[in-house]
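First the structure, in the form of structure tokens, and then the observations on it.
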Amino acid sequence: MKKTSYIQHLTFVCVSILIALIDKTPLTLDNRIGTNYMKNGFYLMYDGILDQSIEAPYSYRFLIVNLIDLIATITSFTPINLAFILNILFIYFTLHWFTIYSRQFVSPFIAFLTALILSFYIAIIQTQVIGIIIIETQDILNVLFMIGLLVLAKREQWLFFGCILALSILNRETPLILLLPFSFLLFKNKKYLPLIWINAMGVLTYLSIRFLMDVPQGSYPDFSNLKTNFPGFHLDFIGRALEYNLHLLVLLLPILYLSLKKIMEKSIQIKAIVLTIIPFMIIHYIMGSIIELRLFLPLIVLLLPIAILNLKKEFEVEK
């Protein structure tokens, strides 16, 4: 192993531990003030998913909770400590595989720096909610799955792509968005068997979970956040909606600007990936709450290498 590789892995290990520690540290407040407020918040969501008593769609996202429960039954670790450990592992592998994915756009060194920029976004998003919550662990695993799928797509390993896609949907539904660009590219290249395979694995897994699992539906699908997502949709919430959109704008503006810059000059593969912005934003503006910045981490993963590629070219032009 090259010396630079050792340095890269050591850096990612340290960064992963630091981010996980920053996220966990507020739990010490429970001990200082004599309450279990933050721990109770963790177990409220964790137990709700485990016994499927919590409303959809959270009960459908059972992969990581059941994995933690399995490990907890055969070890002395508590679920909250296991979530902390898995956060470290998932962040590390996310940064590692993101570096590998980014190398198709930029040099290895720039890819390494791009992963460090991603770690900055992960740190911001992980600490938006005080203390560890199981949803954050799901979010990191979600982007790890998406990066793995992007690498498999680049290598045209469609058999594994379909299998990993099906597994990832047990954690979160977000990777389904990747069916749009890669279905288009497969259809354009007349590769119909992989096209049918990946769509069958994704769609059938998504529908099977919802057909086979009997969980409380509550208000799902929930459109109650429209009033705080769209300024002017509800006059009583216009101030909050403007504030939420400002937060999102600050998070995404540099990446959106750089990734969309001279988009018509890019390859068809890059265009297909970048244009997933449109359905992604529509879905999350209608179905989600945009103040939850964690929802947009997958979009950052998709666009950041392309944005860095364009930024690199801008600096080269200035020379």
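The values are calculated or read from the model by the stated rules, or taken from the named source; none is laboratory data. Bear in mind that the values here come from a model prediction, so they are computed numbers and not experimental data. All Cβ positions, even for glycine, are placed from backbone atoms using ideal geometry, and neighbour counts span all protein chains on display.
Here are some conditions: (1) modelled with pLDDT of 95 or more; (2) surrounded by 19 or more Cβ atoms within 10 Å (Cβ to Cβ). Arg61 meets all but one. Which one does it not meet? The failed condition is (1).
Modelled with pLDDT under 95, loosely packed, with under 13 Cβ neighbours inside 10 Å and under 30 Å from Val106 (Cα atoms): does that describe Lys262? Yes.
Taking Leu116 as the residue in question, decide whether it is of a type in the set (A, V, I, L, M), in a helix (DSSP H, G or I), modelled with pLDDT of 95 or more and buried (at least 23 other Cβ atoms within 10 Å of the Cβ).
no
Selection of first residues in the stretch 291-303 that are surrounded by fewer than 22 Cβ atoms within 10 Å (Cβ to Cβ) and of second residues that are in a loop (DSSP other than H, G, I, E, B) and modelled with pLDDT under 95, restricted to Cβ pairs under 6 Å at least 6 apart or on distinct chains, gives the following pairs, ordered by first then second residue: Leu293/Gln128; Leu295/Gly288. Criterion first (surrounded by 19 or more Cβ atoms within 10 Å (Cβ to Cβ), touching a residue at least 60 places away in the same chain (Cβ under 8 Å), touching a Ser or Thr at 6+ places or on another chain (Cβ under 6 Å) and not hydroxyl-bearing (Ser, Thr, Tyr)) does Ile306 satisfy it? Yes. Being hydrophobic (A, V, I, L, M, F, W, C) and surrounded by fewer than 19 Cβ atoms within 10 Å (Cβ to Cβ) holds for only one residue in Ile134, Ile124, and it is Ile124.
Of everything listed in (1) touching a Leu at 6+ places or on another chain (Cβ under 8 Å); (2) assigned to a helix (DSSP H, G or I); (3) of a type outside the set (D, E, K, R); (4) surrounded by fewer than 19 Cβ atoms within 10 Å (Cβ to Cβ), the single unmet condition for Pro231 is (2).
Residues that are within 24 Å of Leu67 (Cβ to Cβ), modelled with pLDDT under 90 and over 21 Å from the mean Cα position of the chain (by Cα) number at least 3 in the following helices (runs of 4 or more DSSP H) confined to the stretch 1-51: 37-50.
Report yes if some residue within the stretch 151-174 is over 24 Å from the mean Cα position of the chain (by Cα) and surrounded by fewer than 19 Cβ atoms within 10 Å (Cβ to Cβ); otherwise report no.
no
If you go through the stretch 47-84 and pick out every residue that is farther than 24 Å from Glu173 by Cβ and in contact (Cβ under 8 Å) with a residue 40 or more places away in the chain, you end up with 2. Among residues that are at pLDDT 90 or above, part of a loop (DSSP other than H, G, I, E, B) and within 15 Å of the chain's Cα centre (by Cα), Ile283 is not included. Among the residues here, Asn81 does not qualify as surrounded by 19 or more Cβ atoms within 10 Å (Cβ to Cβ), of a type outside the set (D, E, K, R) and either under 23 Å from Val143 (Cα atoms) or touching a Cys at 6+ places or on another chain (Cβ under 7 Å) (or both).
Evaluate the stretch 87-101: report whether one residue or more is surrounded by fewer than 22 Cβ atoms within 10 Å (Cβ to Cβ), of a type outside the set (D, E, K, R) and over 18 Å from Phe12 (Cβ atoms). No, the conditions are met nowhere in the stretch 87-101. Does the stretch 113-124 contain at least one residue that is in contact with a His (Cβ under 9 Å, 6 or more places away or on another chain) and among the small types (Gly, Ala, Ser)? Yes; the residues of the stretch 113-124 include at least one that is in contact with a His (Cβ under 9 Å, 6 or more places away or on another chain) and among the small types (Gly, Ala, Ser). In the stretch 161-199, the residue that is farthest from Leu150 (Cα to Cα) out of those that are of a type in the set (D, E, K, R) and out of contact with any Pro (no Cβ under 8 Å at 6 or more places or on another chain) is Lys190. Of all residues in the stretch 272-290, those satisfying the criterion of being of a type outside the set (Gly, Ala, Ser) and surrounded by 16 or more Cβ atoms within 10 Å (Cβ to Cβ) are Ile273, Val274, Thr276, Ile277, Phe280, Met281, His284, Tyr285, Met287, Ile290.
Every residue, every condition in (1) outside any helix (DSSP H, G or I); (2) under 15 Å from Asn87 (Cα atoms), yes or no:
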residue: Ile140; (1), (2): no, yes
residue: Val143; (1), (2): no, yes
residue: Leu150; (1), (2): no, no
residue: Ala166; (1), (2): no, no
residue: Pro181; (1), (2): no, no
residue: Lys190; (1), (2): yes, no
